[in-house]
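Step one of this worksheet: look at the structure below.
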Amino acid sequence: MAGLNKYRAYFEYNFTNIEGLVQLPSQWELKQVRYLLKDGAEGTKIGPFGSSLKLEDMVDDGVQVYGQENVIKRDFSLGRRRISFNKFKEMGVYEVFFGDILITMMGTSGKCEIVPQTAEKGIIDSHLIRVRVNNKQIIPGFFKLLVDESPEIKHQIKIQGKGSIMLGLNSGVIRSLYLPLPGISEQKLILDFLDYETKKIDNLIEKQKQLIELLKEKRQAVISHAVTKGLNPDVPMNDSGVEWLGKVPEHWWINSMNNVLAAIGDVDHYMPQSVDDGIPYVMTGDLTEFASGIEFSKCKQVNIRDYLKLSKKIKTNLGDVIMARYATIGTVSYVDLDKIFLVSYSCVTIKPNPSKVLGLYLYYYFKSNSFLQGIQYQVNTNTQGNVGINDLSKMKIVLPSIKEQEEIIAHLHMSLEQLDDLSTKSTQAINLLQERRTALISAAVTGKIDVRDWVAPNLQDTEEQQEAIA
């Protein structure tokens, strides 16, 4: 995709003394938000309460309370928090209307969204700032792009918000921001231009995301086929007698998991105290596909005494497989490094019998659709809703010889590497497109490029261009 150099600059610029906004087109103005607000001091407002409301204020049928999720997810139908109409009468100054701009204050602070015409009556909570602008001076959509997308304005927020308890953002910071402003007609043209151009970029991003999902499905299918059907398409097949396995190569053998494992177990169900410098305590959320990818320095750390006490039943070693037993049931990690660490009781450690099954093969088998279907059946029949050691021991596994396992592992290594490479390239393309999108928006709303001669292309031409790009 062509860079920003295909757009021309304005003929004349004036320098500014605002950090981040070095220069502006000579016909543009630089104004503080406080002078762009509607209704004076009421132009900005922070909501009256946080995410937890008093029980007596909550009702099933009342007025919507909008929070950060509505802005971040750009969906004003989300949320079940409602207050009574009587309570709303007290809180009427926090009501939001069509065209108001809501800005997040915590976590993902600085995200903006404009209240749509379809939004029902509601008020904001204390995690949002409501901004109501004078639309004869600035269009809400132009304000949103400046605050939400422009690095120059984000830089102002960072500088002015130092020391703020709300991660650098409050209504005072918003009112103090200096915004670059062309005339209203030029603002409209810039918005039309960006709407057209960003839709093209967004369509390309969406296609890359779809490709990544297809590659994930392909990856899963390649693993599943290899470890349940083998690599030879002409080999005779027999019915396994196991519903979720189906037909398998006739020379493979079917057995219970406990007959092909050296050990399976978990540590004592006890949560040890954290220490500053100790032995990593790996929990479900820490797992990666290969243990070498775990960020051990960011894991909880435990002392050597707790490690020795908790690991008496089983120690995790090179060649083992770790499986999550709660929440993300079936998530597995192959231990491909020789390192001392403790696996939480939220996981089980599975030790293969190397004369019957290789650890890496077992890892791939656990990732297959067949195994995941089988283990889900065990979970559904388990009232505790988790994978127990007995559940895993009962599971069936279909295995070729060790030599054939090695061949399958080599095949998967090559095939998955190719798929992962394509997925990485798609992710890189998405990142580049997102950078391009941000740069284009920033350049247009801060006057780095002049789009006054831009004319919206014919819709049919647009569709043909999109098909050509795709």
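Extension gain, SER297 to LYS89, is 69.7 nm, computed as 0.36 nm per intervening residue step minus the present C-alpha separation. Evaluated over the Cα positions of segment 181-288, the convex hull gives a direction-averaged projected area, one quarter of its surface, of 16.8 nm². The charge dipole of segment 246-393, taken about its Cα centre with unit charges on the Cβ of Lys, Arg, Asp and Glu (plus for the first two, minus for the last two), comes to roughly 280 debye.
Give me the percent of accessible area attributable to carbon and sulfur for segment 302-389, probe 1.4 angstrom. Looking at segment 302-389 in its full context, I get 52 percent from C and S. Our helix-only sum for the chain, with -39,500 (n - 2.57) per DSSP H run of n ≥ 4 divided by its residues, gives a mean residue ellipticity at 222 nm of -12000 deg cm²/dmol. Among the chymotrypsin sites (Phe, Trp or Tyr not before Pro) in segment 213-304, those located in a DSSP loop and surrounded by at most 10 other Cβ atoms within 10 Å of their own Cβ are TYR270. With only the Cα atoms considered, segment 285-371 has a convex hull volume of 99 Å³ per residue. Scaling against 2.2 N^0.38 Å puts the C-alpha radius of gyration of the chain at 1.28. Computed packing ranks the peptides 181-192, 425-436 as 181-192, 425-436, most packed first, by mean other Cβ atoms within 10 Å. Only bridges with both residues in the chain count here: give the DSSP antiparallel percent, nearest 5. Here the antiparallel bridges make up roughly 90 percent for the chain. What aspartates and glutamates does LYS73 reach when the alpha-carbon gap must be under 18 Å and sequence neighbours fewer than 8 apart in one chain are set aside? Cross-link targets: ASP100, GLU113, GLU120, ASP125, ASP148, GLU149, ASP202, GLU206. In the structure shown, the pairs LYS309/LYS396; LYS111/LYS298; LYS121/LYS200; LYS209/LYS229; LYS218/LYS425; LYS367/LYS403 are assessed against 23 Å; a Cα-Cα span above that value is assigned to LYS309/LYS396; LYS111/LYS298; LYS121/LYS200; LYS209/LYS229. Taking every full run of DSSP H in the chain, the ones that stretch at least 27 Å from end to end by Cα along their long axis and average -1.0 or higher on the Kyte-Doolittle scale are 184-229, 402-445.
Please report Rg over Rh for segment 400-448, where both radii come from the alpha carbon positions and Rh follows the Kirkwood definition. Numbers along the way, then the final one.
Numbers: Rg = 20.9 Å, Rh = 13.9 Å.
Result for segment 400-448 is an Rg/Rh of 1.50.
The values are calculated or read from the model by the stated rules, or taken from the named source; none is laboratory data. These numbers were taken from a predicted model, which means no experiment stands behind them. So basically every Cβ, Gly included, is an ideal-geometry build from the backbone, and we count neighbours across all protein chains shown. Each accessible area value is taken on the protein alone, full model and side chains, heavy atoms only, with ligands, DNA and RNA left out. Shrake-Rupley method; radii C 1.70, N 1.55, O 1.52, S 1.80 Å.
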